[in-house]
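Structure in structure tokens, see below.
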Amino acid sequence: MHRLAIPTVLVALLAGLAARGADAGTLWATRVRPLFDVQCLKCHGPIERKGGLELDTPEAVMKGGDDGPVVVPGKPAESRLFGNLAPGADPHMPPKKQLADSERETIRQWIEALATVPARSAAKPRPARRFESVTRAVDVLVAEGWKQRGVKPAPAVDDRTWCRRVHLDLAGRIPTAAETDGFLRLPAKTRHAVLVDRLLASTEYPVRMRELWDVFLMGRTKREVHENRRRQNGWWDFLETSFRSNRPWDETVRGMLVARPARPEDRGASWFLYERRNEHQAIAEAVAPVVYGTRIDCAQCHDHPLARDIKQAHYWALVAAFNRGKNVEGGSAVGESASGGFINFTNLKKESQPAVVTLLDGRTVAEARPEAGAKETDADDLYVDPAAKARVPKISRRAAFAELATRGNPLLARAFANRAWAVFVGRGLVHPADEMNARKAPSHPELLDWLAADFAGHGHDVRRLVRGIVLSRVYASGRSVAAPEAFAGAVERPMTAEQIARSWRIAAGLAPDDDGLRRAVVGALPEVMAAEYNATFQQAQFLCNSPALAGLLGADAGGTVARLVALPDTASRVDRAFLAVYGRPPDAGEARQARAFLEARHDRVAEGARDLMWALMTSAEFLTTP
């Protein structure tokens, strides 16, 4: 079938018709705010506020500026905001630039849609609903979202596909043929729950979770020496032990922030701080997504230019929380001074302000700040053990912050719940998952509130949350053409390097673990849950010419290729190759093409089998979670 070329003008018309059907809130979130962010906020945001006008929130727009309102709801022609965008307008906005007709039309549609925005109700918010399980809450609240959006959900995938998906997510690899067959022999009503519980109790689950959270917490390292240091200094063991024992997430985070492990199995907790080598701003920037769910990098020099809830004071508060710490050479311990560390920061007006250890929710670590010019003294009696190599102060600013950040801080649970949703569903309820601030409204606010409250209310039980998500209807969905934030279907997720390496070996008929292969794939394909995935030429070269993959597919490797060569006919080889790689038989078209490929190489059976396997194992279907 030939695709019809749709004229550009028709595309614009169709987009306009779709927008007219959208409410003001949707238009603001999807089209108007992104436009204002690029074109207007440099002069009319929380920082500059020219003419007293701010355009970063609907409320600020409706408030207007020094000369009064700029929008008349439902009447674009009477709204100065829209009129000043016209060619030849005086004053003209934005200065020295003309918006495209489509951009002006977007703003016109939004102002028009404001006529139907209901007045704010003074009624109290509805109390949180009760559900018997995480899965039930997910199913009910997402289904309500489908109804509100007028979206039809995709049907569930078949059980073979679901089995592959859950193995990739919880074990970090595709299932073997025997594992798939065993799953399909289980009673249909209970097989999903049985397999999930089995995988959560496996030795592979904590490794898979460690691989993910190592990157989320520390960043991906492509250099083997850095990876080896994380392994050798116990960081990997610390994370794996936490996920294996289902340690409450707040305890895991507290161990990382305090960095004074009391048990041998927690030795690696201090590596979270230690690896950053006394760079306290880097520490602050790493801590924020964990305890607040959002990055704060943009608030270093001024209040966040877009997110009103993030102030410059919050950035330097996190720096101050850790700036008494210092790495102790010859290990991974991080000591802490009992004095000093009182710093000031300067805003854009050149005003100096003290950095006070304050959380986003306003709670503060109480400290007596020395008088200006007063000299602090450091004495042995301020420490638990003055002779210790890594000294611990009797009054620890770092420990006080960790206590506030992990007890009574609802953002901690909210951040983890949103991140876990992103991991297993493919996109956060707030997206990207590390920008959970006032600028990023959740796609399903009640669901995120419920998941966070339930997670905290059940002792930050990671396994309970994960189990509830992967047993949900959303997790089992097939593909959908609906907007990804509706979660009406599975979001396409590229495999991580670790998933690819293990799954290549499973498909090749070998044991899953090979550290050399894993390192090779990490070097070529390092991204983990990128906000936007972009393949590179170097990655394509790796997939086409990797010696690491070639080593798996030699006829002498004793794996799948050797078994294909031993089969009596081409059709059998094709069927076996598809089952080994995709866990499914080929459809008629695939079978026909693959047979033709092998028959053209009938005199080079081993080479043909290898090349067929190579093509299947580097395909888009194989390299994405189904």
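What value does the chain have for Rg/Rh, both radii from Cα atoms and Rh as Kirkwood defines it?
Expressed as Rg/Rh, it is 1.01.
So if I restrict to the alpha-carbon atoms in the range 159-202, what is the Rg, and what is Dmax, the biggest pairwise distance, in Å?
Answer for the range 159-202, Rg first and Dmax second: 9.3, 25 Å.
While we're here: Once fully extended, how much extra length lies between residue 222 and residue 539, figured as 0.36 nm per residue of separation less the alpha-carbon to alpha-carbon distance?
In short, 112.7 nm is gained.
Set the Förster radius R0 to 22 Å, insert the Cβ-Cβ distance between residue 329 and residue 395 as r into 1/(1 + (r/R0)^6), and round the FRET efficiency to 0.05.
0.30
OK, next. By its C-alpha gyration tensor, with a ≥ b ≥ c as the square roots of the eigenvalues, how is the range 8-115 shaped: rounded for a/c under 1.5, else prolate for a/b larger than b/c, else oblate?
The shape class here is prolate.
Please rank 513, 101, 381, fewest neighbouring Cβ atoms within 10 Å first, as an exposure proxy.
381, 101, 513
Tell me, what is a quarter of the convex hull surface for the C-alpha atoms of the range 494-625, in nm² with one decimal?
8.0
While we're here: For residue 625, what residues show an amide H to amide H distance below 5 Å, using hydrogens built from the backbone and excluding near sequence neighbours?
493, 495
Please go through the residue pairs 42/75; 152/440; 350/440; 189/440; 326/375; 42/326 and name each one whose alpha carbons sit more than 28 Å apart in this structure.
From 42/75; 152/440; 350/440; 189/440; 326/375; 42/326, over 28 Å: 350/440; 189/440; 42/326.
Whole-Hz Karplus ³J(HN,Hα) for the range 273-279, in order, using 6.51 cos²θ - 1.76 cosθ + 1.60 and θ = phi - 60°, x for Gly and Pro?
Listing the rounded values in order: 7, 4, 4, 8, 6, 6, 8 Hz.
Show that you can apply the helix-only estimate: for the chain, add -39,500 (n - 2.57) for every DSSP H stretch of four or more residues, divide by all residues, and state [θ] at 222 nm to the nearest 500.
-14000 deg cm²/dmol
Further, regarding this structure: Within the chain, which DSSP H helices have Cα atoms that stretch 20 Å or more along the helix axis and a mean Kyte-Doolittle hydropathy of at least 0.5?
Within the chain the helices that satisfy the rule are 410-425.
Shifting gears a bit: Test of understanding: ordering 287, 565, 196 by Cβ neighbours within 10 Å, fewest first, what list do you get?
Ranking 287, 565, 196 by Cβ neighbours within 10 Å, fewest first, gives 565, 196, 287.
At a Förster distance of 41 Å, what's the computed FRET efficiency of residue 89 paired with residue 313, Cβ-Cβ distance as r, to 0.05?
0.55
Right, something else. Sort 43, 301 so that the residue with the fewest other Cβ atoms within 10 Å of its own Cβ comes first and the one with the most comes last.
Going from sparsest to densest Cβ surroundings: 301, 43.
Pull out the extension gain between residue 479 and residue 591, defined as 0.36 nm times the separation in residues minus the alpha carbon to alpha carbon distance; nm, one decimal.
Answer, rounded to one decimal: 38.0 nm.
Every read-out reported here was derived from the displayed coordinates using simple, explicitly stated rules and does not represent laboratory data. Bear in mind the structure is a predicted one, so any value in this text is a computation, not a measurement. Ideal geometry is used to build each Cβ from the backbone, glycine not excepted, and the neighbour counts take in all protein chains shown.
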